[in-house]
Amino acid sequence: MFPSSPLPGYESEDRHDDDRLPTYTPAPPTPGYTASPRPNEARINLATATRQSRTDDLNHVFVERTKHFSLTFTNQPASCARPTYGRGTAIQGLINIFKTDDVASVVVKFEARMFYSISTETGSGENDISLIEENLKVFPQVTTLNPASPSNSRRHSNFFSRVPQPLSEACPPELSFSLRIPFSYSYDGSSYLLPPTYSADVNFRDGASVKIRYSFKVTIGRKGPLVDRKTSIVIPIIYAPRSRPSKPIMDIFPEDWSVYYSESGVRKGFSSNIDVVQAFLALPHSQIYPIDTRIQFYLQLWSISPSTLAMYAQEPPTLGRSQTESNPRAVRVELVVLRSIKVDMLQRTLKFYQTLASASIRRYEHELPPTVRTAMERVQASRGLAGPLSVQNGNGCMSWEGQFTISKDEPLWGGCAGFLAPNVFVRDLIALRVIPPNYKDYPLKRIEQFIPIRLTTDPYGEELIHGMEIAAGHSVHCLGTPDSPVPSRKGGAFLSAGRA
C-alpha cells in the first residue's frame with residue numbers, strides 16, 4: 001500500500017509557485033508567402049523553374065465553340081494547339097449551352113484508341129482497339145442516399161442503397177465537368193500504363209503504322225415534339241506524360257560510367273589466329289537521358305597486337321556519319337540514337353528503326369579521363385583481357401570522344417518516351433558501328449552494338465507540378481505509378497555483347 005504522505009526528500013508539485021515559471025511570449029504571426037519579394041526583402045537566388053512559374057504556365061484555357069454551345073478546358077499551358085494533359089491529371093472545364101429550354105441530357109466521354117497495321121510482301125493487316133472509355137453524365141445530375149452503416153442500420157428501418165434523384169428539372173446554362181484520366185488500362189488479361197499520344201509511319205520494303213489517339217466528346221440530348229435529337233462535338237486532346245531522371249548525370253567517379261564491351265570477329269576465309277579488335281564504349285551510367293541535354297561518351301578500340309590497329313591509322317579518320325566511300329582506307333565510326341518500333345501481327349514480328357540523333361565524333365589524342373579509364377579497365381579485368389588501356393594510338397589503342405543531343409523539336413521524337421502497348425513496343429536505343437578501312441578486303445568483321453536507353457521529357461531537378469508529371473519511380477520520377485517496363489540492359493538479341 002502506497003503511503004498517504006509524501007516520501008522524505010520529495011516535494012510535491014503543488015508546492016511550486018506559478019511565478020517561478022518563465023513568462024510565455026507568443027511569437028509574431030508568420031508573414032504570408034509571396035512569389036515576389038516585399039520592399040524590405042531581397043531575392044538571394046532563383047531556381048530555373050519554380051513551382052510558381054509552372055503554376056502560372058497552366059493557368060490558361062482552351063475554348064471550342066459550336067453553334068449551340070461552347071466548351072472550355074481549364075488548367076492548360078500557354079499557346080496549346082489542343083487540350084493537353086499529363087499522367088494522373090483530370091480533364092476539367094465548363095460547358096456553356098446557349099439554349100437550355102429543351103435540353104434533356106448532357107454526357108461527356110473520354111476515349112483512347114490505338115490503331116496499328118503492317119504491310120508486307122506476303123500480306124497486310126490492321127487492328128483498331130479501345131484502350132480507355134470513360135463516360136460522365138453531367139446533366140441531369142443525380143444524388144445518392146448514403147447507405148447506413150451496419151451499426152446505424154439496426155436503428156433505422158429505412159435502409160436504401162443507391163437511389164438516383166433528379167436535382168432539378170431545367171438544365172442550367174453553365175455546367176462543370178471533371179473526369180480524371182486513369183493511370184493504366186487492361187487488355188487481354190494484362191495491365192499497361194496508359195501510352196502517350198503517338199503517331200509513326202514507316203515505309204520500306206515492309207511498312208508499319210502506329211497511331212494512339214485521345215478524344216473528348218460532348219453530347220447534348222434535346223427533347224423534340226416527335227423524336228429526341230442529339231448534337232455532339234469531338235475534341236482531339238493530347239496526352240503527354242512528363243518524366244525526369246531521378247538523379248543528375250555525373251562524371252566524378254568511375255561508377256558514374258557504364259562501359260559496354262564488344263569485339264570484331266574474323267571473317268570467313270581468313271585465318272582464325274588474327275587478333276580481334278575490342279571496343280569499349282563509355283556512357284553515363286544511368287542510361288536515362290533528358291531531351292535537349294548534351295550527352296558525352298568515349299570510345300576506345302584495343303588489340304593485343306599493335307599491327308592490327310595500325311591499319312586503322314593509315315588515313316586520318318573522318319568524323320561521325322560524314323564518312324564517304326571516297327576515303328575507303330579510313331575507319332568509320334558512327335553512333336546514332338534510334339527509335340525501335342516493334343509490331344506483332346499475323347504471327348509475325350516486324351521491327352523498324354528511325355534515327356532521332358547522330359553524334360559528332362572526333363579522335364581523342366590524349367589519355368582518357370581517369371574515371372573513364374578506370375571504368376574501362378574494370379570491365380577489361382572482369383573479362384580476363386590483358387593489356388593496358390592507357391597506351392595510345394599506334395601502340396594497341398585508338399580513342400574517340402563524342403556527344404549527342406536529341407532535340408525536342410525532332411518530329412520523330414514526338415514529345416514522348418518509349419512505351420509498351422498490346423502488340424506494340426516502342427523503345428529507344430544507342431547504336432554503335434565501327435567499320436574497318438577497305439572493309440571488303442579486311443579480315444575482321446565490323447563492330448555493331450545496340451544499347452537500350454530511356455528518354456525523359458525534362459532534365460533532373462526540373463519542378464513538375466499539376467500532375468503533368470509522375471511520382472518517384474526507381475529510375476524515372478513519375479507521379480503515383482511504377483515505371484513502365486524498361487528493356488533489359490543486356491538488350492536480348494540486339495546486343496552483340498552485354499554490359500559487364
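Bear in mind these aren't lab numbers, they're just calculated from the coordinates by the rules spelled out. Predicted, not measured: the structure shown is a model, and the values here were computed from it. Don't worry about glycine lacking a Cβ; one is built from the backbone with ideal geometry, like all the others, and counts go over all protein chains shown.
Charge dipole of region 211-252 (Cα centre as origin; +1 on each Lys and Arg Cβ, -1 on each Asp and Glu Cβ, all else neutral): 220 debye, rounded to the nearest 20. Backbone amide hydrogens, once placed in the peptide plane, bring THR89 within less than 5 Å of ILE181, excluding anything fewer than 5 places away on its chain.
Cβ crowding within 10 Å ranks LYS217, LYS440 as LYS440, LYS217, fewest other Cβ atoms first.
Rounded to the nearest whole Hz, the Karplus-based 3J(HN,Hα) values (6.51 cos²θ - 1.76 cosθ + 1.60, θ = phi - 60°) of region 374-384 follow the sequence 5, 4, 5, 5, 5, 5, 4, 5, 5, 9, x, with x at glycine and proline.
Here the spin labels are modelled as points 7 Å beyond Cα on the Cα-Cβ line, and at SER360 and THR120 they lie 4.2 nm apart. Of the peptides 426-437, 123-134, the ranking by mean beta-carbon count within 10 Å, highest at the top, reads 426-437, 123-134.
Distance between the modelled labels on ASP128 and LYS99, one decimal in nanometres: 3.3 nm (7 Å Cα→Cβ projection).
Taking 0.36 nm per residue of separation and subtracting the current Cα-Cα distance, fully stretching the chain between ALA90 and LEU226 would add 45.2 nm.
Full extension of the chain segment joining LEU136 with TYR187 gains 16.2 nm, where the gain is 0.36 nm per residue of separation less the Cα-Cα distance.
In terms of distances greater than 29 angstrom between alpha carbons, the cross-link table entries LYS268/LYS342; LYS351/LYS408; LYS99/LYS211 yield LYS268/LYS342; LYS99/LYS211.
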